[in-house]
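Working notes, structure below.
The values are calculated or read from the model by the stated rules, or taken from the named source; none is laboratory data. Note that the structure is predicted; figures quoted are calculated from it, not measured. Every residue, glycine among them, receives a Cβ derived from its backbone with ideal geometry; neighbour counts consider all protein chains shown.
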Amino acid sequence: MKEHPRNPYLTVDTLIETMGGIVLIRRKNPPHGWALPGGFVDYGESVEDAARREALEETNLSVSLVRQLHTYSDPTRDPRHHTVSVVFVATATGTPVGADDAAEAKVFPLDALPAPIVFDHGRILADYAAFKKGVSLTEIFPLKG
């Protein structure tokens, strides 16, 4: 019997800029806590389409993608399994409403984030805050090796 390859799961997360802050969702499912809107990329779907779809499903906001921030691939970033996440920055208008996997969706200023923040989303938010303060992406994400 041929063994199937064991690969990381591809995911997306989106930093949605709106109303002077960033949208976070409070998760319905474990791990419980606050997170960036996001989820798994479906087979046949681009990461950009997945980011827009997940944002709409979890926050009821139609987003405009501005840029890709970074790809996060630490094997321990998600306690459930090894995931690789392509993280986008997006804009939206309107009031977020938690839906699908999100029990709640709210806008938070970067200097007043809720706790706990799950996965590696605290690191992503810190990297984003540094980027917004003008730190270059090559300084935030130096290539190793």
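Just a few scattered comments:
- Residues satisfying the stated conditions in the range 120-141, i.e. part of a loop (DSSP other than H, G, I, E, B) and farther than 13 Å from Y72 by Cα: K133, G134, V135, S136
- Filter result for I16 (under 19 Å from A130 (Cβ atoms) and part of a strand (DSSP E or B)): yes
- Meets criteria (closer than 25 Å to A129 by Cβ, of a type in the set (S, T, Y) and touching a Lys or Arg at 6+ places or on another chain (Cβ under 8 Å)) for S85: yes
- Residue ID - surrounded by the most Cβ atoms within 10 Å (Cβ to Cβ), chosen from residues in the range 36-92 that are closer than 17 Å to R26 by Cα and of a type in the set (S, T, N, Q): T59
- Among the candidates G94, G98, residue that is in contact (Cβ under 8 Å) with a residue 24 or more places away in the chain, in a loop (DSSP other than H, G, I, E, B) and within 16 Å of the chain's Cα centre (by Cα): G98
Here's the yes/no breakdown for (1) touching a strand residue (DSSP E or B) at 6+ places or on another chain (Cβ under 7 Å); (2) of a type in the set (D, E):
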{"residue": "D49", "(1), (2)": "no, yes"}
{"residue": "E54", "(1), (2)": "yes, yes"}
{"residue": "V63", "(1), (2)": "yes, no"}
{"residue": "V86", "(1), (2)": "yes, no"}
{"residue": "A102", "(1), (2)": "yes, no"}
{"residue": "A115", "(1), (2)": "no, no"}
{"residue": "V118", "(1), (2)": "yes, no"}
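- Any chance T95 is surrounded by fewer than 19 Cβ atoms within 10 Å (Cβ to Cβ), under 20 Å from T18 (Cα atoms), modelled with pLDDT of 95 or more and among the β-branched types (V, I, T): yes
- Any hit, the range 106-118, residues being assigned to a loop (DSSP other than H, G, I, E, B), buried (at least 17 other Cβ atoms within 10 Å of the Cβ), in contact (Cβ under 8 Å) with a residue 60 or more places away in the chain and in contact with a Gly (Cβ under 6 Å, 6 or more places away or on another chain): yes
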